[in-house]
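Accompanying notes for the structure given below.
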Amino acid sequence: MDIVRKEPHHGWIEVITGSMFSGKSEELIRRLRRTQIARQKVQIFKPLIDNRFSEDHIVSHSDMRIASQNVRNSDELVQQVAEETEVVGIDEGQFFDPNLPAACNTLADRGKRVIVAGLDQDYLGRPFEPMPQLLAIAEYITKTLAICVVCGDPANHTQRLVVSSDRVLVGATGLYEARCRHCFDPHLAEAAKTQP
Ligand code: ADP
Ligand code: ZN
């Protein structure tokens with residue numbers, strides 16, 4: 001008897017995650033460039049909150065860049081994705097709402113390759129929602145590491161260098177640096193609170 005196979009649908013979720021300066025945006029841009037070279041239909045998004053370097057581009061700390069669209073939330077993202085789009089790139093996943101994993105599932109179920117980059121931890125080393133939920137449902141996960149600026153070991157942490165207890169404090173050089181588990185000091189961002 002012949003085996004009846006379903007047609008493949010091609011959709012899946014890839015997540016690129018790690019600390020700041022670990023090369024998440026570079027890796028996202030690299031993957032998206034290849035799909036553009038292969039003339040696949042690609043749409044690239046970032047949350048409106050992140051306009052650090054550019055309004056309409058994803059820009060890495062090494063100045064690699066690729067054109068992107070701003071969206072306010074994951075609902076708007078799903079609405080913006082055209083029927084014929086084959087690949088969806090998303091940067092700064094940690095700045096999205098809790099519906100991002102469901103939105104990525106919807107797109108992957110529609111046959112799209114969804115690639116999301118985002119921080120896995122906040123400045124205190126706590127899992128940064130909604131990335132943990134996204135990691136749980138992704139088919140592929142790439143963990144990127146920076147280099148600890150204090151000792152040179154692989155850096156899994158984002159060290160905040162200024163005093164602030166806001167979870168979201170947008171910025172890069174001077175505000176944050178990459179550190180390994182031994183050199184990471186979550187209390188540094190809270191230091192002034194204990195000193196009158
Ligand atoms: P992410 O998106 O993870 O914040 P990017 O892709 O924007 O990272 O930037 C990665 C680039 O950051 C590296 O190629 C390098 O040029 C630069 N960089 C700055 N500090 C460091 C560090 N401590 N370790 C590694 N790369 C660093
Ligand atoms: Zn270190």
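The values are calculated or read from the model by the stated rules, or taken from the named source; none is laboratory data. Owing to the predicted nature of the structure, the values given are computational and were not obtained by experimental measurement. Cβ sites come from the backbone with ideal geometry, for glycine too, and all protein chains shown count toward neighbours. Calculation scope for accessible area: heavy atoms of the full protein, side chains included, ligands and nucleic acids excluded. Shrake-Rupley method; radii C 1.70, N 1.55, O 1.52, S 1.80 Å.
In the chain, with Lys and Arg counted as +1 and Asp and Glu as -1 at Cβ, which of these residues, V163, A108, G152, has the Cα nearest the positive end of the dipole, that is, farthest along it?
My answer, from the dipole projection, is G152.
What is the distance in Å between the Cα centres of the stretch 149-179 and the stretch 115-142?
What the calculation gives is 17 Å, centre to centre.
Using only the alpha-carbon atoms of the stretch 1-70 as identical scatterers, what base-10 log of I(q)/I(0) does the Debye formula give at q = 0.20, 0.26 Å⁻¹?
-0.92, -1.35
What is the projected area of the convex hull of the Cα atoms of the chain, averaged over all directions, in nm²? Display every interim value, and only then the final one.
Values: hull surface 54.3 nm².
Averaged projected area of the chain's Cα convex hull equals 13.6 nm².
Could you work out how far helix 24-37 tilts from the main Cα principal axis of the chain, as a 0 to 90 degree angle to the nearest 10?
20 degrees
Beyond a 21 Å Cα-Cα separation, which of these cross-linked pairs lie in this structure: K41/K143; K24/K46; K46/K112? Can you show the working numbers first?
On the way: K41/K143 26 Å; K24/K46 13 Å; K46/K112 17 Å.
Long pairs (Cα-Cα over 21 Å): K41/K143.
For the stretch 12-144, build the charge dipole from Cβ charges (+1 Lys, Arg; -1 Asp, Glu) around the Cα centre, then report which of Q121, T35, Q69 sits farthest towards its positive end.
Value computed over the given set: T35.
Can you compute the radius of gyration and Dmax for the stretch 45-138, using only the Cα atoms, both in Å?
For the stretch 45-138, the Cα-based Rg and Dmax read 13.0, 41 Å.
Carbon-plus-sulfur fraction of the accessible area of the stretch 85-196, 1.4 Å probe, in percent?
In the stretch 85-196, the share of accessible area belonging to carbon and sulfur is 53 percent.
Accessible area per residue of the chain at 1.4 Å probe, in Å²?
54 Å²
Report the charge-dipole magnitude of the chain in Debye, nearest 20, computed about the Cα centre from +1 at each Lys and Arg Cβ and -1 at each Asp and Glu Cβ.
Using only the charged Cβ atoms, the result is roughly 360 debye.
Which distance in nm do the two modelled labels at H9 and R39 give, with both placed 7 Å along the Cα-to-Cβ direction?
Reported label-point gap for H9 and R39 is 2.8 nm.
How much accessible area does D166 have with a 1.4 Å probe, in Å² rounded to the nearest 10?
The value for D166 is about 90 Å².
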